[in-house]
Amino acid sequence: MARFLFVVQGEGRGHMTQALALRSLLLKAGHSVVAVLVGRVEGRTLPAFFTEALSEPLHQFDSPNFVKDKENKGIAWGATFSHNLWQAGRFLHSARQIRQWVKHYRPDLIVNFYDLLAGIAHGRRSLGVPMVCIGHQYLLEHPDFRHPHWGLDRLGLTLNTRMTARGASLQLALSFDDAYADTRKIKVVAPLLRSELYELQVSDGDFILAYVNNAGYGKEIIEWQRAHPHIKVHCFWDRKGEPKTYTPQPNLTLHQLDGTLFLKMMASCRALATTAGFESVCEAMVLGKPVLMVPIRGQYEQQCNAHDALRAGAGIWANSFDLGRLLDYLPRHQARIEETRAWHARGRQKLLHLLEQAARQPSMVANGPVSGANGSAAHG
């Protein structure tokens, strides 16, 4: 059986969800995950749903991250660039740490969940171990993908995506559906979602569920619901200093992030309003819930997600959280639960086969003494 090592981008919770789902798939097939390496985001700790699910050694390293704008809605690209450039020395040290951990754990395959420094570490000088990259971002490199526009934001995302995959033997592109054919380098596979999602009982409740990655969008939800007090809304956000559950006005409840509660409420909501993150839209499609997608300001990747999800029949997209547009859309929505779940079942098996095949490539790691692994470990 094969030994896998994960490198996970720490900026988005979606990459952590993908890592946990793949870990479960690999363990059921008799393989092992020897260690999990995660990029550290300033001001954040790793969420409990991730750390508590792991029994493998878990290491963190300093990694680039976004700087948000003053409204806490979008990305301040100038500040992001200058901040990360100033920290370049730390990031090169992190790339060296990744190399040391690879030598220490001697995996058969590195699985990179869209982490830039893993690509740098692997590309600067071969790590002696094959690497496979997983992420929906690799679908944007597919020749048949229709981009919403061309600009510097698209160029920046393209360069970042290619850097994450430096030296990779394969790019596994997560897709909403099976509309895209494989190419030589890009293999299209199903989303990696939490297994408990498929066991939920679906019902139609009397509330709209919202999820906002950046707390600034929570103000839009509050203002819209204040103007429509008869509409019941539950919103999940990540805002420091707020209680676990907060009811600022009748029929509006704000929750701190809770993955288990969020899934349960999604299964019983009328519809979902969210930023255009890949995983939350995929989860809604599995449950047949209509989605209003609001791409995070300045994040081209989310614009691509919204356009592709629209093509796949997930719902509609807009530039603001106008929940009235979502309510107007509800009668027109056509759920594709059976087709979505069938694609996920096929796509997971295809993914497992591709990873097993990649892990059988000969490793060039020396068989000499095991070197020490430096860096912080959450547990091990």
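Checked against the criteria, LEU27 counts as touching a strand residue (DSSP E or B) at 6+ places or on another chain (Cβ under 8 Å), modelled with pLDDT of 95 or more, aliphatic (A, V, I, L, M) and within 22 Å of LEU352 (Cβ to Cβ).
Which count do you get for residues in the stretch 237-263 that are assigned to a loop (DSSP other than H, G, I, E, B), under 16 Å from TRP224 (Cβ atoms) and touching a residue at least 24 places away in the same chain (Cβ under 8 Å)?
Looking only at the stretch 237-263, we keep the residues that are assigned to a loop (DSSP other than H, G, I, E, B), and these are 238-244, 250-251, 257-258.
Add one more test, that the residue is under 16 Å from TRP224 (Cβ atoms), and what stays is 250-251.
From the residues that got through so far, the ones that are touching a residue at least 24 places away in the same chain (Cβ under 8 Å) too are 251.
Summing the residues that are assigned to a loop (DSSP other than H, G, I, E, B), under 16 Å from TRP224 (Cβ atoms) and touching a residue at least 24 places away in the same chain (Cβ under 8 Å) in the stretch 237-263 gives 1.
Would you confirm whether any residue within the stretch 192-202 is under 27 Å from ARG270 (Cα atoms), hydroxyl-bearing (Ser, Thr, Tyr) and assigned to a helix (DSSP H, G or I)? Before you say what the answer is, go through the steps one by one.
Going through the stretch 192-202, the residues under 27 Å from ARG270 (Cα atoms) turn out to be 192-202.
The next check asks that each one be hydroxyl-bearing (Ser, Thr, Tyr); those that pass are 195, 198.
If we keep only those that are assigned to a helix (DSSP H, G or I) as well, we get 195, 198.
So far as the stretch 192-202 goes, yes, one or more of its residues are under 27 Å from ARG270 (Cα atoms), hydroxyl-bearing (Ser, Thr, Tyr) and assigned to a helix (DSSP H, G or I).
A count restricted to the stretch 152-179 and to residues that are part of a loop (DSSP other than H, G, I, E, B), over 16 Å from the mean Cα position of the chain (by Cα) and under 13 Å from LYS350 (Cβ atoms) stands at 1. Considering the conditions (1) over 15 Å from VAL212 (Cβ atoms); (2) at pLDDT below 95; (3) buried (at least 21 other Cβ atoms within 10 Å of the Cβ), ARG348 is excluded by exactly one of them, (3).
Each residue in the stretch 322-340 was checked for being assigned to a helix (DSSP H, G or I), open to solvent by less than 70 Å² (accessible area, probe 1.4 Å) and not aliphatic (A, V, I, L, M), and 3 of them qualify. Once the stretch 123-174 is narrowed to residues that are modelled with pLDDT of 95 or more and of a type in the set (Gly, Ala, Ser), the residue that is nearest to SER280 (Cα to Cα) is GLY135. Within the stretch 130-164, if we keep just the residues that are surrounded by fewer than 22 Cβ atoms within 10 Å (Cβ to Cβ) and among the β-branched types (Val, Ile, Thr), the residue that is nearest to GLN357 (Cα to Cα) turns out to be THR161.
In the stretch 1-17, which residues are of a type outside the set (Gly, Ala, Ser), open to solvent by less than 20 Å² (accessible area, probe 1.4 Å) and modelled with pLDDT of 95 or more? Don't jump to the end; show me each part of the working.
Filtering the stretch 1-17 down to residues of a type outside the set (Gly, Ala, Ser) leaves 1, 3-9, 11, 13, 15-17.
Imposing the further condition that a residue be open to solvent by less than 20 Å² (accessible area, probe 1.4 Å) reduces the set to 4-8, 15-17.
Matches in the stretch 1-17: PHE4, LEU5, PHE6, VAL7, VAL8.
Only residues that are closer than 23 Å to LEU159 by Cα and surrounded by fewer than 24 Cβ atoms within 10 Å (Cβ to Cβ) were counted in the stretch 99-114, giving 1.
Only one entry of ASP258, ASP177 meets the criterion of being closer than 27 Å to GLN299 by Cα, touching a helix residue (DSSP H, G or I) at 6+ places or on another chain (Cβ under 8 Å), acidic (Asp, Glu) and crowded, with 16+ Cβ neighbours inside 10 Å, and that entry is ASP177.
The values are calculated or read from the model by the stated rules, or taken from the named source; none is laboratory data. Just so we're clear, the structure is a prediction, and the values are computed from it rather than from any experiment. So basically every Cβ, Gly included, is an ideal-geometry build from the backbone, and we count neighbours across all protein chains shown. Ligands, DNA and RNA are excluded from the accessible area calculation, which covers all protein heavy atoms including side chains. Shrake-Rupley method; radii C 1.70, N 1.55, O 1.52, S 1.80 Å.
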